[in-house]
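Working notes, beginning with the structure itself.
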Amino acid sequence: MTDAALTVTRLRDAFDAGRTKPLAWRTAQLTALRALLVDHSADLEQALFDDLHKNADEARLTEIDIVVAEIDHALGHLREWLLPKRSPVPLLIAPATARIVREPLGVVLIIAPWNYPVQLLLDPLVGALAAGNSVVLKPSELAPATSATLARLVGKHLDPDAVAVIEGGADATTELLEQRLDHIFFTGGERVGRIVARAAAEQLTPVTLELGGKSPVWIDDTVDLHVAAKRIAWGKFMNAGQTCVAPDYILTTPALAPRLIEAVAQAIHGFYGDDPAVSHSYGRIVSDSQFDRLVALLPESGPDGEPTGGAVLGGRHHRATRYLEPTILSGVSLDDEIMQNEIFGPILPIVEVRDLDEAILVIRSRPKPLALYAFTESEEARRRILEDTSSGAVSFGAPSAHLSVAGLPFGGVGTSGMGAYHGERGLLTFSHEKAVLSKPLHPDTLRIAYPPFTRGKDAFVRSVLGRLR
């Protein structure tokens, strides 16, 4: 047997033995996961710096602390979430009781990406443990320092019979996908998401796909432009733009675009100084292949990495350090290459449209995004954005911040994903809601439904039950 097969078998044995179902076990595992994050935050911060040049403060805010908050929310509500939910019963089967019982699925697989390798591996783990499952964790090989650190810490803190980490590349993932699993939770790009979905279909394994897409921003002249620009720059350039819910492009009017560009440029300077290359707050691109892909999207540049046209701000890059400067592109057409796929890097195109009507047409003409952001004080504009577009989430005035609200489901729609998690929705993702009906044998009120069907029964059904419809 392969390592994947042996691991899944061990975890299934633990699940089948009932090890993971007691509330005490679930609470203990969540508490241990919290200790892992808090007690070893320095180790995780160093690993994230090694992989992504991620500042320690950013690592805590966007990775470690967000999972700790998720754990605290789950621990505070878990007993309530697990209570059976009563459901009314129709007169035909009364007296009876009906309830919904949430039960764990079994052995689940969580596949994480490289851009937030702590948060996007451990945040879904919170829901999986809260639901009472055994869990296989597959961290990204493209963040090797974080992968190794998590493998070591998970093995030390969590129940080794019920939670396991398998490291490795595509071969390891392929072997895992060949196993009999009860749910697969994947975060990553659309291309690999299709591969995961196909493999899951072979075994009829349910999947949650957290993908991405081009998340647009609409901004009009009703807002404080400088505050809006700071928030857009923060959401776009954190983690060097390698965020699935980062603003992908801006839609605004020709009259507002020049002032917006200036305000975003000021925000970037305020965040990262004269030269972001020496800022301890700015990250790096994860790999050479990702760096080359992003540079190919830039306007032409000289041999020293200096932009030669097209970029109104930024564009400088250095392959040896995988540094790509925060970059703004103006005059971008919807037909340009950069508008065909998710950018997933620190390049921000600005697309000019006549008005909100045209902006909505642009959004509706493209695949449904993971998030849609709007900066407007107009209640009518907000209403139209909510009602006339479809996206995984809508956020007014703050890109990316909705991820930190445990009570909000996080997930995509259409090609940006299927399924959701965070808070109670995370527990539901990794649970089966079992319908339970209990009806006493006496009195046998179901006899009205038994054959033979007589005139008396017909009259009763029509006169008594018919009035209840």
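Some points to look at:
- Scanning the stretch 380-398 for residues that are touching a Ser or Thr at 6+ places or on another chain (Cβ under 7 Å) and either in a helix (DSSP H, G or I) or at positive phi (or both) yields a single hit, 382.
- Condition check for residue 63: under 23 Å from the mean Cα position of the chain (by Cα), assigned to a helix (DSSP H, G or I) and of a type in the set (Asp, Glu): yes
- The stretch 124-208 holds helices (runs of 4 or more DSSP H) entirely within its bounds, and those carrying 3 or more residues that are more than 30 Å from residue 72 (Cβ to Cβ) map to 170-177, 190-202.
- Test: residue in the stretch 371-379 that is assigned to a helix (DSSP H, G or I) and over 15 Å from residue 247 (Cα atoms): yes
- Just one residue in the set 447, 467 is at pLDDT 85 or above, exposed (fewer than 10 other Cβ atoms within 10 Å of the Cβ) and either part of a helix (DSSP H, G or I) or touching a strand residue (DSSP E or B) at 6+ places or on another chain (Cβ under 7 Å) (or both); that residue is 447.
- Residue in the stretch 414-432 that is among the aliphatic types (A, V, I, L, M) and not in a helix (DSSP H, G or I) present: yes
- Residue match in the stretch 423-441 (condition: of a type in the set (Val, Ile, Thr), within 21 Å of the chain's Cα centre (by Cα) and modelled with pLDDT of 95 or more): yes
- Residue match in the stretch 94-106 (condition: polar (S, T, N, Q), assigned to a helix (DSSP H, G or I) and at pLDDT 95 or above): no
- Any chance residue 334 is crowded, with 19+ Cβ neighbours inside 10 Å, touching a residue at least 12 places away in the same chain (Cβ under 8 Å) and aliphatic (A, V, I, L, M): no
The values are calculated or read from the model by the stated rules, or taken from the named source; none is laboratory data. Note that the coordinates shown come from a computational prediction; the quantities given were computed from them, not determined experimentally. Cβ: placed from backbone, ideal geometry, glycine included. Neighbour counts: every protein chain shown.
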